[in-house]
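**Q** First the structure, then my questions, so here it is.
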Amino acid sequence: MKVKKFQNYSIVLLVVLTSACKTLPNQYVYPGEISEYELISGVTFLGSALNNKDLPDIDVMAVSEEMSAFLERHVSNASNHETKAKKLSNAIFNNDGLGLKYNPGLTMTAIETFDYGAGNCLSFSYLFFAMAQDLGLNVQFQEIDILPEWDYTNDEIYVESRHINVRVNLYGKNDLIVDIDSVGPDRQLNYTLLDESYVLALFYGNVAAEYLLKQDFESSFKYFVKAIKTDYEESSFWTNLGVLYRRDGYEYHAEKAYFIALSFNPKDKAALNNLSFLYTEQGNKERADYFGQLVEKYQESNPYFRYVKAQKAMEENQYNLALDHINQAIRQKDNEARFYSLKGTIFASIGKKCEAERALGIAEQLKFEAL
């Protein structure tokens with residue numbers, strides 16, 4: 001079953017803090033004097049300093065009276081936490097309840113998701129989390145490891161697909177995982193528990209990117225600043241703020257924002273790509289090549305990047321190249337069932353039946369161990 005995702009906008013125009021510069025050779029550190037304060041104060045971008053009251057302040061996980069009434073109708077007779085969680089999930093998706101529809105491009109608050117009856121996995125997670133807390137459940141957000149997927153929209157924007165769901169603590173029993181696809185016991189998928197502040201910041205960051213696409217730069221700026229103030233160390237917010245500055249003609253402010261992004265995540269490919277593109281346009285080939293090569297280096301060290309390259313090579317009937325890529329992926333991460341499944345398929349395509357069966361057998365064993 002295809003995993004339902006939310007779109008996390010990474011904005012690329014192709015495509016630091018002092019502490020971050022220590023990870024770069026001296027000749028490639030941030031060369032300017034623009035401060036972080038100048039980037040997010042509004043003085044440059046809007047002409048005057050922003051106050052906190054000027055920024056959006058949205059209760060992303062508020063529960064409305066209609067939502068409370070919905071809980072009373074559909075979940076009030078549940079006898080324990082597990083039953084409450086399952087009844088709530090069923091009520092959200094069943095046609096005799098809310099009948100929520102999946103839409104990967106809709107990032108909305110819990111109330112908006114409830115009222116509109118549609119949303120992506122992030123919107124669903126806001127909705128379920130808010131209503132579950134109202135029921136007294138102990139819930140946490142988590143991000144599930146999935147293969148990296150990127151889709152281009154228009155206007156030089158690409159969209160990163162990620163997957164977030166909700167973990168319900170059942171006190172002494174296996175946790176329950178509630179997803180826009182399903183509800184069931186924890187199957188030991190790789191996951192990362194998320195701070196609530198980060199999940200809230202994702203809302204502001206996505207809305208900011210949507211305003212940018214609509215050319216509403218003032219609203220976009222305010223939402224990016226709110227995202228940054230909600231989760232200061234999320235590199236993608238700084239990268240996207242840099243793109244906003246560049247769109248409005250402030251290339252040196254954009255450069256500073258990209259370096260701040262790298263201070264929090266030196267492998268942020270969007271920030272690296274943007275710097276490479278910026279320096280290319282400025283005619284600084286040495287810097288452009290340096291940051292472009294860093295992108296390639298980090299991609300090559302990512303086993304999932306190798307996996308995607310192997311898939312592409314196989315589709316083009318370049319089986320030796322596909323085997324090289326998938327073997328590299330397995331050397332970097334030897335417990336990923338999908339890698340062995342693809343290896344088995346490649347071997348089968350070139351008539352190596354025994355090798356194919358061996359690889360597929362390992363894949364099945366890894367899948368079993370993950371249950």
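Computed from the coordinates by the stated procedures, all read-outs in this text should not be read as laboratory data. Predicted model, so just to flag it, every value in this text is computed and none were measured. Neighbour counts are summed over all protein chains in view; Cβ atoms, including those assigned to glycine, are modelled from backbone coordinates with ideal geometry.
**Q** Cα centroids of the range 45-106 and the range 208-233: how far apart, whole angstrom?
**A** With the range 45-106 and the range 208-233 each reduced to a Cα centre, they are spaced 23 Å.
**Q** If I take the Cα coordinates of the range 303-370 and project them onto the principal axes, what are the three extents in Å, biggest first?
**A** Dimensions of the range 303-370 along the principal axes of its Cα atoms: 32, 26, 16 Å.
**Q** Taking H as built 1.01 Å from N, whose amide H comes closer than 5 Å to the amide H of Asn138, not counting residues under 5 places away?
**A** Answer set, sorted by chain and number: Asn169.
**Q** Could you tell me how far the Cα centroid of the range 193-207 sits from the Cα centroid of the range 237-277, in Å?
**A** For the range 237-277 versus the range 193-207, the Cα centre distance is 20 Å.
**Q** Further, regarding this structure: Return the FRET efficiency for the residue pair Thr44, Asn190: r is the Cβ-Cβ distance, R0 is 45 Å, and the value is rounded to the nearest 0.05.
**A** Approximately 0.60, to the nearest 0.05.
**Q** Tell me the mean residue ellipticity at 222 nm calculated for the chain from its helices only (DSSP H runs of n ≥ 4, each -39500 (n - 2.57), averaged over every residue, nearest 500).
**A** Numbers: 17 runs with 206 residues, N = 371.
It comes out at -17500 deg cm²/dmol, rounded to the nearest 500.
**Q** Before anything else, pin down the relative contact order of the range 60-152: Cα pairs under 8 Å, at least 6 apart, normalised by residue count, whole percent. Walk me through the numbers on the way to the answer.
**A** Values: 108 pairs, mean separation 25.9, N = 93.
After rounding, I find 28 percent.
**Q** So which lysines can Lys222 reach, going by Cα to Cα under 20 Å and dropping same-chain residues fewer than 8 places off?
**A** The qualifying lysines are Lys53, Lys214, Lys256.
**Q** Check which residues have an amide H placed less than 5 Å from Leu50's amide H, if you skip close sequence neighbours.
**A** Gly42, Val43
**Q** Further question: Fewest to most neighbouring Cβ within 10 Å: what's the order for Val75, Val225? Could the numbers behind the result be given before it?
**A** Numbers: Val75 22, Val225 25.
So the ranking, lowest neighbour count to highest, is Val75, Val225.
**Q** I've got another one for you. Amide H of Leu194 versus every other amide H placed in the peptide plane: which residues, excluding those fewer than 5 positions away on the same chain, fall under 5 Å?
**A** Amide H neighbours of Leu194: Phe141, Gln142, Glu143.
**Q** Run the numbers for Lys53 and Tyr171: contour at 0.36 nm per residue of separation, minus the present Cα-Cα distance, in nm. Don't jump to the answer; show the numbers that get you there.
**A** Values: separation 118, 0.36 × 118 = 42.48 nm, distance 4.07 nm.
Answer, rounded to one decimal: 38.4 nm.
**Q** With 10 angstrom as the radius, rank Tyr223, Tyr171 by how many other C-beta atoms surround their C-beta, starting from the fewest.
**A** Tyr171, Tyr223
**Q** What are the ³J(HN,Hα) values, in whole Hz, obtained from phi via the Karplus relation 6.51 cos²θ - 1.76 cosθ + 1.60 with θ = phi - 60°, for each residue of the range 344-360 in sequence order, with x given for Gly and Pro?
**A** Computed from phi, the couplings for the range 344-360 are x, 5, 5, 4, 4, 5, 10, x, 8, 5, 5, 5, 5, 5, 5, 5, 5 Hz.
**Q** Stokes-Einstein diffusion coefficient for the chain at 25 °C in a medium of 0.890 mPa s, Rh from the Kirkwood formula over Cα pairs: what value in µm²/s?
**A** Numbers: Rh = 22.7 Å.
It comes out at roughly 108 µm²/s.
**Q** Now, a different point. In µm²/s, what is D for the range 240-318 at 10 °C and 1.306 mPa s, where D = kT/(6 pi eta Rh) by Stokes-Einstein and Rh is the Kirkwood radius from Cα pairs? Walk me through the numbers on the way to the answer.
**A** Details: Rh = 13.7 Å.
It comes out at roughly 116 µm²/s.
**Q** While we're looking at this one, here's another question. Karplus couplings for the range 201-207 from phi (6.51 cos²θ - 1.76 cosθ + 1.60, θ = phi - 60°), rounded to Hz, Gly and Pro as x?
**A** Taking θ as phi minus 60°, the curve returns 4, 4, 4, 5, x, 5, 5 Hz for the range 201-207.
**Q** Another one. For the range 225-257, list residues with backbone N below 20 Å from a point placed 7 Å from the Cα of Gln282 toward its Cβ?
**A** Backbone N within reach: 238-257.
**Q** Fewest to most neighbouring Cβ within 10 Å: what's the order for Glu255, Glu33, Glu364? Working shown, then result.
**A** On the way: Glu255 22, Glu33 8, Glu364 13.
With the fewest neighbours first, Glu255, Glu33, Glu364 line up as Glu33, Glu364, Glu255.
**Q** I'd like the distance between the alpha-carbon centres of the range 116-135 and the range 294-317, rounded to an integer number of Å.
**A** 35
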